[in-house]
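Novice: Provided herewith is a single structure, encoded as structure tokens, for subsequent inquiry.
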Amino acid sequence: MDKQSFDLVIIGAGPGGYVTAIRAAQLGLKTAVVEANHLGGICLNWGCIPTKALLRSAEIYHYMNHADAYGLSADKVGFDLEKVVARSRAVSKQLNGGVGHLLKKNKVPVFDGWGKLAGGGAGARKVTVEKDGKVFAELTAKNVILATGARARELPGLEIDKKLVWSYREAMVPTEMPKSLIVVGSGAIGIEFASFYRTMGADVTVVEVMDRVLPVEDAEISKLAEKAFKKQGMTIITGASVKSLKKGANSVTATIDKGGKVQEITAERLISAVGIVGNVENIGLEGTKVKVDRTHVEINEWCETGEPGVYAIGDLAGPPWLAHKAEHEGVICVEKIAGLKVVHPLDTGRIPGCTYCHPQVASVGMTEQAAKDAGHDVKVGRFSFVGNGKAIALGEPEGLIKTVFDAKTGELLGAHMIGAEVTELIQGYSISKTLETTEEELMHAVFPHPTLSEMMHESVLDAYGRVIHM
């Protein structure tokens, strides 16, 4: 039995876990990480990163098929699915190795096994590490951070069978391109896969239980996204649910109920993208004061659970389910543990969200409706891509930048975008919110020309009746 003592043990080495471990090491805390599967977690190995590699292949394929629009020619355009998938997996493998190097560089030992709380009080927490059914290490720590992440939710009747009904894992490594596909759920995960498979030629139907696709986004942006998806040939069914599923030898037939009107749709494969559940099982929460609400660990603003010396971060601790949220949560948590003066907890209203479909969607802060519901008198600015020289030169004239301000104070309440490269642009507004920038400061900022970012400036100007190019 390997017995060691640490200042901090982190269970889980996803984006939250490994970033927190590195920051803890920088602060002089003797830190260990326990990981049962892959360094980098779901995000790096089976989520954020490999999906972006797939979507990049789809993007290039799209442009190759539209080469003539740019005065170019490309004959016999096609793709090798095996190579597309292999490139995606190679990207993940490279970054997985990079995480291992960073932990080693910062002298953070990694225990390869299943971590579990095993008793002890504040100042003497214990974590056992198990592999192949055998406990091989017992770690004692003053503090333990739970960063075990989450997994795909399964609905009754839509259980993943890995052949006909896929989760994100199977959707990421197809051995052949399905001719037709049903995607259940139109959040970021569902829409990204719908976008990839549609671009690569599959007949895609998206089923969403809410009244619009990308339901967490601003309603105006959702409407533009749905219009774009339909133009690409997707079938979008909102306000609907899958009531049952019949499986054939190489197809599935979904019975879909939309407001009492029932229809059947048959496709070769179905992707279930209906949310996630936290990995709270078998991590030793029994007998502790850690509270779990709907599969997620309850924490306060400093990531403390109800059990002294035990913290939780990332997807395990609830929404928004984003890698960058987990990272910042972990840094705040460990800096608090180390005794640094941490003035502000993480403000989720300043966390940007990105969806890498075509066209891209990005946002930060309140939607227009949420701002009104919160009692704000709002000023709203809009600027369309068609009025931007760089967007036209790129051949990407469809899109919108929308900004929402408090009419009384000039505070930027929210920003919402759809169009080319908006997942890169959104950070400008994210910084603005963090700095509590007003409309006056944004209007006086100088944006370079010709860039897509100029539209961010014009949208602000539009909110105050000063737009130039529209």
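Laboratory data are not the source of any read-out in this text; all were calculated from the coordinates shown. All figures in this text were calculated on a predicted structure; none of them were measured in a lab. Please note: Cβ atoms are built from the backbone with ideal geometry, for glycine as well, and neighbour counts cover all protein chains shown.
Novice: Cysteines of the chain lacking any other cysteine beta carbon under 4.7 Å?
Specialist: 354, 357
Novice: By DSSP, what percent of the beta bridges with both residues in the stretch 157-274 are antiparallel, rounded to the nearest 5?
Specialist: 50 percent
Novice: Count neighbours as other Cβ atoms within 10 Å of each site's Cβ, and list the trypsin sites (Lys or Arg not before Pro) in the stretch 152-216 that are DSSP loop with at most 10 such neighbours.
Specialist: Within the stretch 152-216, the qualifying trypsin sites (Lys or Arg not before Pro) (loop, at most 10 other Cβ atoms within 10 Å) are 162.
Novice: Between residue 282 and residue 386, what is 0.36 nm times their sequence separation minus the Cα-Cα distance? Round to one decimal in nm.
Specialist: Extra length from residue 282 to residue 386 when fully extended: 32.1 nm.
Novice: Kindly work out what percent of the DSSP beta bridges joining two residues of the chain are antiparallel, to the nearest 5.
Specialist: 60 percent
Novice: Please report, ordered by residue number, every helix of the chain (full DSSP H runs) that is 24 Å or longer along its axis going by C-alpha atoms and whose mean Kyte-Doolittle hydropathy reaches -1.0.
Specialist: The answer, listed by residue number, is 48-65, 81-105.
Novice: Another question about this same structure. Beyond 32 Å between alpha-carbons counts as too far, so tell me which of 83/107; 131/247; 93/246; 104/325; 247/291 fall in that bin.
Specialist: 83/107; 131/247; 93/246; 247/291
Novice: Please return the longest range in the chain lying between exposed loop sites, taking GluC sites (Glu not before Pro), DSSP loop only, at most 15 other beta-carbon atoms within 10 Å, and leaving the sites out.
Specialist: 1-153
Novice: Points 7 angstrom from Cα along the Cβ direction at residue 398 and residue 104: gap in nanometres?
Specialist: Going by the 7 Å Cα→Cβ label model, 4.8 nm.
Novice: Under 13 Å from a point placed 7 Å out from the Cα of residue 136 along the Cα-to-Cβ direction: which residues of the stretch 1-21 have their backbone N that close?
Specialist: The answer is 1-3, whose backbone nitrogens lie closer than 13 Å to the label point.
Novice: Quick check on my link table: of 52/223; 379/402; 402/433; 105/336, which ones sit more than 21 Å apart, alpha carbon to alpha carbon?
Specialist: From the list (52/223; 379/402; 402/433; 105/336), the Cα-Cα distance tops 21 Å for 52/223; 105/336.
Novice: Say a paramagnetic label sat at a point 7 Å from the Cα of residue 2, along Cα to Cβ; which residues of the stretch 81-124 have their backbone N under 15 Å from it?
Specialist: Flagged as within label range: 104, 107-116.
Novice: Using only C-alpha positions, report the orientation-averaged shadow area of the convex hull of the chain, nm², one decimal.
Specialist: 24.9 nm²
Novice: Using R₀ = 25 Å, calculate the FRET efficiency as 1/(1 + (r/R₀)^6) where r is the Cβ-Cβ separation of residue 344 and residue 431; round to 0.05.
Specialist: Given R0 = 25 Å and the Cβ-Cβ separation, E is 0.95.
Novice: So, R0 is 25 Å and r is the distance between the beta-carbons of residue 67 and residue 175; what FRET efficiency does that work out to, to 0.05?
Specialist: Approximately 0.30, to the nearest 0.05.
Novice: Under 18 Å from a label point 7 Å along Cα→Cβ of residue 295: give me every residue in the stretch 160-200 with its amide N that close.
Specialist: 160-162, 165-171, 184-191
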